[in-house]
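What follows is one structure encoded as structure tokens, with my remarks underneath.
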Amino acid sequence: MSDFAYVESYAPGEGRRRPRADFLSDAPRLSLNGDWRFRLSPTAAGASDMDDSGWDRLRVPSHWVLEGYDRPLYTNTAYPFPLDPPRVPAENPTGDYRRHFDLPAGWPPDARAVLRFQGVDSCARVWLNGTSLGHSKGSRLPFEFDVTGLLRPAGNLLAVRVHRWSSGSYLEDQDMWWLPGIFRDVELLARPDGCVDDFYVHASYLDGQGTLRVDADRPGTVELPELGVRVPTGVEVTVPVEPWSAESPRLYRGTLTAGGERIALAVGFRTVSIVDGRLLVNGVPVLFRGVNRHEHDPDRGRALDRETMLRDVVLMKRHHINAVRASHYPPHPEFLRLCDEYGLWVVDECDIETHGFIYADWRGNPPDEPAWRDALADRIERMVERDKNHPSVVVWSLGNESGAGAAFGEASRWIRARDPSRPIHYERDRTYRHSDFASVMYPSLDDLDAIGRREEPAPEGVEPGSPDDERRRGLPFLLCEYAHAMGNGPGSLVDYQRILEAHERFCGAFVWEWIDHGLRAPDGGLWHGGDIDHRPSGGRFCLDGLLFADRTPSPGLAEYAKAIEPVEITVAGGRVALRNRYDVVDLSHLRLEWTVEDGGVPVESGSLAVPHLPARGLGSVAMPVVPAGRSERWLTVRAVLATDTAWAPAGHEVAWGQGLISAAAPAPARRGSLDRGPARFDPRTGELVRLGDLTVAGPMLDVWRAPVENDLGQGGRNNLAQAWRTVGLDRMLHRVDEVCVADDRLVVRGRSAPAGRALGLRTELVWEPAGDHAVRLAVTVEPEGDWADVTLPRLGVRLALPAGLARATWFGRGPGESYVDSQAAARVGRFAADIDAMQTPYPWPQENGNHVRTRWLELTGPDLPTLGVRGDPWFDFTVRRWTSEALDRATKPSDLHASDRVWLNVDHAQQGIGSASCGPALPDRYRLPVAPYSFTTVLSVCYSSERHRCTGS
Ligand code: GAL
């Protein structure tokens, strides 16, 4: 046997201390983070030369693959090594780490001491001053060694050998980058005589009273000064308290003192229960409006600093997210401290995923194999023991996508005995025998609705009407993943939320996922899996977050924030109706402000008294009296924070609603003559060539968009883009059949169709004068031939315009991009933006930047007349410096280059976005069937001195 046989043994570790709570105390602590000596070897044997003076230097915590050694690998479901458990390849990059350190002054070398690793990926063997301490697996969980008696005042040497692959890797097949290394903190902890090693805070809440008991392995004193509590460990007290919740994260800070050590306590009183198939916290139902969060930073991988964790928490709170599923492993303990403090419900998930056994038809799946029992139990215990004292943790999750097996039964029995206070979630065992929640991923809207009614069909392998079937139907439902946020999307967030709020069975849902896992590439761009020359690869599937990898919010996050905003504000019938969607708090922390805008220009504003509305309550206030206006007049009511909070300043918007006060007066019909108007046409082709002093080309019928990730579907399913390309929508050829002038109208008839196909779209463009500066275009489209069930990505016209146009101003929905199934976040108003800033930089270029329901648009540029577009009543538009074809061809943002034109698409409609990259097909109502269409638009041109004439605005 080699001396690295432990790498492939089933054993989770050796020589480690038993798991215990993570806590902060005033006992001496030495951080061993920083500069370490490092040498990478190709196999598990590691370095043979023990003189580290010539070794490289590596910062800890970090992943060596992001520090210039070896390379990161990304797989979704497949293991990156042969499926031959528990063996791993001989090619097993192994990093030897060494840290020389002295003890700080006042640290008695013979005092009891513990060496703690918060996270090492994937297997570490540890030596201190030449003594082998043992090894550990389980990357995202801490492990400790007792190092009492092994320390010297100076010249200590800590040596750690880290193997990229180990038997533990078989339990860590999450859809994410494989990132080896010591990626969380390393610390030396002094343990004073008589101190507490482990403790358990039991803090429940009932009817205004909190009951507290802190159990510890040594006697100690518990103090919560604010409550006047001073009791020995093990003694229960009941006192009046305010409960802890994500909405009102009331913490009572105090101490647990034993052996001269003071441990910081942050106690939140709360009781989690399941009653009549509903999840309750402190006796009231709660709805998780959540996200799945991986730890990710484009430069540091999973080695996050506190500032980055805090950014996540603040961004979540500001976007009304109230829950986090720690997908798919326990996060850094600091993140949970922040969740306690800022208020987020946490589903704490164990570091267990064996998804790749799908390629062996689940034969040998570890949860179903006795040999892996200890390794799995070890992970469960390390999670529960570490995190048991966090009020934010309200649900334990046994892991992700690991099939079924006896190990989950054992895990749930162990947790129930150790911590009966929290329910357990596990999604992938369809009997749900070991779960307190029914749960699936990515259901369609209809399927979710059936689940809400408790009418879902029995899952495969479960007998309808059997005890398992009955029990599952009685369980609350937790939607652990939905709304795959890959690329542009997800669509239907509002539709999902409506269903989630319509049924008592639901306790909430978690969007997949919080952040894109792009990694910084050497050229400053971003890498996804496909950029690494390695098979298997998950390709771009790691780019599916509501945040871009650099933590810039994507339009999907704005839409999610709107879908889950805590107050629903409806302006109609002379009243402002309010629905308090908080589960716990009333609205007394908010202010209501209103603004009236006429055609998007503010004309009046004020504030409204906030009615007293308890959690989940309904109410209304009278609308301010506002006379009708000249153009579309809208009243916008915003709910904002009345005072500063830890996560946002006073004035931060938490909800808004709008109501139309008066519609625009119909635009006067302007005739004039086509000859004297601004439009000049090519007499042969009927093409518009000038509009006043603007050189234009077009308009051409356009039915193509650069497919979004969701247009590609998943693994051959729902691949609309493929169907579009098969028909040839990406290569339409245009023909003009007839150009005729009659009654001062120019009529251009033609046909657009792809090469090699008998089908096509007949077009008729009718131009009419519309005053001295404008021309009206009526477009009629008539399909010909057999289109079968193909839909259209878009239907509209495209114009080529001078490159000098630089800025867009529009009245309609904005300011962000919007699509038919993702437009809740876009309010009606007047917006302006530079064309360059209107391109959403999806890391894989695709359709973006659309604006639905635009009433009018103006494009301006230095020394150029203004181009105006008016809808009848509205249109969608995108404007960019490259064509859809160029966007389609690009594989990186850096492939996109400004052309010598600005390209404007004025669309009758564009198809929705959906979330079919992992999930259901786009609902029919968001598709654009091939059918006859007709639409009208008015194009105008004007000069700065007479600008108002451009769109009549
Ligand atoms: C789920 C899985 C996630 C992720 C997602 C798709 O099945 O749990 O880890 O792979 O699909 O992005």
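What distance in nm separates the simple spin-label points at V275 and A90, each placed 7 Å from Cα in the Cβ direction?
It is 6.4 nm.
Calculate, for A909 and A521, the FRET efficiency according to 1/(1 + (r/R0)^6) with r their C-beta to C-beta distance and R0 30 Å; round to the nearest 0.05.
On the way: r = 37 Å, r/R0 = 1.24.
Once the sixth-power term is evaluated, E becomes 0.20.
Could you calculate the contour length gain from R253 to A371, that is, 0.36 nm times the residue separation minus the distance between their Cα atoms, to one decimal place in nm?
Additional length available on full extension: 38.1 nm.
Along the charge dipole of region 839-953, which of T951, L859, V879 sits closest to the positive end, that is, farthest toward it, with unit charges on the beta carbon of Lys, Arg, Asp and Glu (+1, +1, -1, -1)?
About the Cα centre, the residue reaching furthest to the positive side is T951.
Going toward the positive end of the dipole of region 674-951, with +1 on Lys and Arg Cβ and -1 on Asp and Glu Cβ, which of L746, P920, P769 do you reach last?
P920
Using a Förster radius of 41 Å, what is the FRET efficiency between E653 and R889 based on their Cβ-Cβ separation? Nearest 0.05, please.
The computed FRET efficiency comes out at 0.55.
Taking a spot 7 Å from the Cα of A723 along the direction of its beta carbon, which residues of region 785-815 have an amide N less than 20 Å from it?
Counting only backbone N, you get 785-796.
Starting with the fewest neighbours, write out K137, K388 ranked by other beta-carbon atoms found within 10 Å of each beta-carbon.
K388, K137
How high is the relative contact order of the chain, in percent, counting Cα pairs under 8 Å that sit 6 or more residues apart?
With pairs under 8 Å counted, the relative contact order is 9 percent.
Based on Cβ point charges of +1 for Lys and Arg and -1 for Asp and Glu, what charge dipole magnitude is obtained for region 1-126 about its Cα centre, in debye rounded to the nearest 20? Don't skip to the end; give the middle numbers.
Numbers: 16 positive and 18 negative charges, 100 e Å.
My answer is approximately 480 debye.
If you take the charge dipole of the chain about its Cα centre, with +1 on Lys and Arg Cβ and -1 on Asp and Glu Cβ, which of G525, L475, T75 is farthest toward its positive end?
Going by the charge dipole, the pick is G525.
Which of rounded, prolate, oblate describes the chain, given a ≥ b ≥ c as roots of the alpha-carbon gyration tensor eigenvalues and a/c under 1.5 marking rounded, otherwise prolate only if a/b is larger than b/c?
Note, shape of the chain comes out prolate.
Cut-off 20 Å, label point 7 angstrom out along Cα-to-Cβ of L206: give me the residues of region 215-251 whose amide nitrogen falls inside.
Taking a point 7 Å out along Cα→Cβ of L206, the residues of region 215-251 whose backbone N falls under 20 Å are 215, 234-245.
Reachable lysines from K137, Cα under 27 Å, same-chain residues fewer than 8 places away excluded?
Partners found: K388.
What percent does the relative contact order of region 788-923 come to when contacts are Cα pairs within less than 8 Å and at least six residues apart?
32 percent
Determine the distance separating the Cα centre of region 637-684 from the Cα centre of region 464-517; give it in Å without decimals.
34 Å
How long is the gain from D863 to C740 if the chain were fully straight, where each residue apart is worth 0.36 nm and the alpha carbon distance is subtracted?
On the way: separation 123, 0.36 × 123 = 44.28 nm, distance 3.43 nm.
Taking 0.36 nm per residue and subtracting the Cα distance, the gain is 40.9 nm.
Modelled label-to-label distance, A697 and R454, 7 Å Cα→beta-carbon offset: nm?
Each label point is offset 7 Å from its Cα along the Cβ direction, giving 6.5 nm.
Under the definition of Cα pairs under 8 Å and six or more residues apart, what whole-number percent is the relative contact order of region 273-562?
The value is 20 percent.
To the nearest 20 debye, what is the magnitude of the charge dipole of region 273-562 about its Cα centre, counting +1 on the Cβ of each Lys and Arg and -1 on the Cβ of each Asp and Glu? Show your work: numbers first, answer last.
Working: 36 positive and 50 negative charges, 138 e Å.
Computed about the Cα centre, the dipole is about 660 debye.
If you count, for each residue, the other Cβ atoms within 10 Å and average over each peptide, how do 104-111, 76-83 line up from highest to lowest?
Ranked from most to least packed, the peptides come out as 76-83, 104-111.
Quick one: length gained pulling L733 to A111 fully straight, 0.36 nm per residue minus the C-alpha distance? Before the final figure, lay out each step's value.
Values: separation 622, 0.36 × 622 = 223.92 nm, distance 8.25 nm.
Extra length from L733 to A111 when fully extended: 215.7 nm.
Can you bin region 273-562 into rounded, prolate or oblate? Criterion: square roots of the alpha carbon gyration tensor eigenvalues sorted a ≥ b ≥ c, rounded for a/c under 1.5, prolate for a/b above b/c, oblate for the rest.
Rounded is the answer for region 273-562, as its axis ratio a/c remains below 1.5.
Tell me what the chain gives for mean residue ellipticity at 222 nm when only DSSP H runs of n ≥ 4 count, each as -39,500 (n - 2.57), the sum divided by the residue total, rounded to 500 deg cm²/dmol.
Helices in the chain give a 222 nm mean residue ellipticity of -3000 deg cm²/dmol.
Run the quick spin-label model on S588 and A669: label points 7 Å from Cα toward the beta carbon, then report their separation in nm to one decimal.
It is 6.1 nm.
If you take every DSSP beta bridge fully contained in the chain, what fraction is antiparallel? Give it as a percent rounded to 5.
Given both bridge residues lie in the chain, the antiparallel proportion sits at roughly 90 percent.
Compute the distance from the alpha-carbon center of region 389-403 to that of region 1-76, in whole Å.
Distance between centres, Cα-based: 26 Å.
Using the alpha-carbon centroid of each, what span in Å lies between region 810-857 and region 147-180?
What the calculation gives is 48 Å, centre to centre.
So, R0 is 35 Å and r is the distance between the beta-carbons of L83 and L445; what FRET efficiency does that work out to, to 0.05?
0.45
The numbers here are math on the coordinates, done by the rules we state, and not lab data. These figures come from a predicted structure and were not determined experimentally. Using ideal geometry, Cβ is built from the backbone for each residue, glycine included, and neighbour counts are taken over all protein chains shown.
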